[in-house]
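Data first, discussion second: the structure below is written as structure tokens.
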Amino acid sequence: MDSETYKKYIVFVNYYIHQVNLMRYLLGEPYRVTYADPSGVLLAGQSDSGAACTIEMTPYRTTMDWQESALVCFEKGYVKLELPAPLACNRPGRVEIFHDPGGVPPETIVPQLPWVHAMRRQAENFVAAIRGEARPPCEAAEALEDLRVARDYIRLWTGA
């Protein structure tokens, strides 16, 4: 990469590598980047089994709150995750589960999540993994794959 492309890569990794990782986790398998919108707000991909996936990056901005979500769609429903701001203390995210079995009214479930501090939980999980008490949620090979996805996105986006 030339220096300008490398700068874009670093910015993307700093802002969006967790979304790259989350998408692989939600898909349950690796994926590859198939399209990068010229405006830089859309990454499209396809999983190893053929599932379509996207990451939409800052299509709008807000001045008063944090808005980050993930939507996993199925043939007859979806799961929507709304994530709290990373440094918010004791603020839970939100999960919405929609299911339409057909023949009966669709059902939406929104469980009440416990009030936890996300960064504290991250630190607790890190310490447990270091001690060998728990498996890390992301192994080194997965993190390397995330960086490859980021590189491929930047190459498609910039034409480099």
Output yes when any residue across the range 7-20 is surrounded by 11 or more Cβ atoms within 10 Å (Cβ to Cβ) and more than 24 Å from G159 (Cα to Cα), and no when none is. no
For the structure I just gave you, tell me whether E56 is under 30 Å from I10 (Cβ atoms) and either among the charged types (D, E, K, R) or touching an Asp or Glu at 6+ places or on another chain (Cβ under 6 Å) (or both). yes
Taking first residues from the range 9-21 that are over 17 Å from S39 (Cα atoms) and second residues anywhere that are open to solvent by less than 40 Å² (accessible area, probe 1.4 Å) and among the charged types (D, E, K, R), the pairs with Cβ under 7 Å that are 6 or more apart or on different chains are I17/D146; V20/D146; N21/D146
Of all residues in the range 114-136, which are within 20 Å of the chain's Cα centre (by Cα) and touching a residue at least 24 places away in the same chain (Cβ under 8 Å)? V116, H117, A118, M119
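The values are calculated or read from the model by the stated rules, or taken from the named source; none is laboratory data. No experiment lies behind these values; they were computed from the predicted model shown. Heads up, the Cβs are rebuilt from the backbone with ideal geometry, glycines too, and the neighbour counts pull from every protein chain shown. Accessible surface is based on the protein model in full, side chains and every heavy atom, while ligands, DNA and RNA are left aside. Shrake-Rupley method; radii C 1.70, N 1.55, O 1.52, S 1.80 Å.
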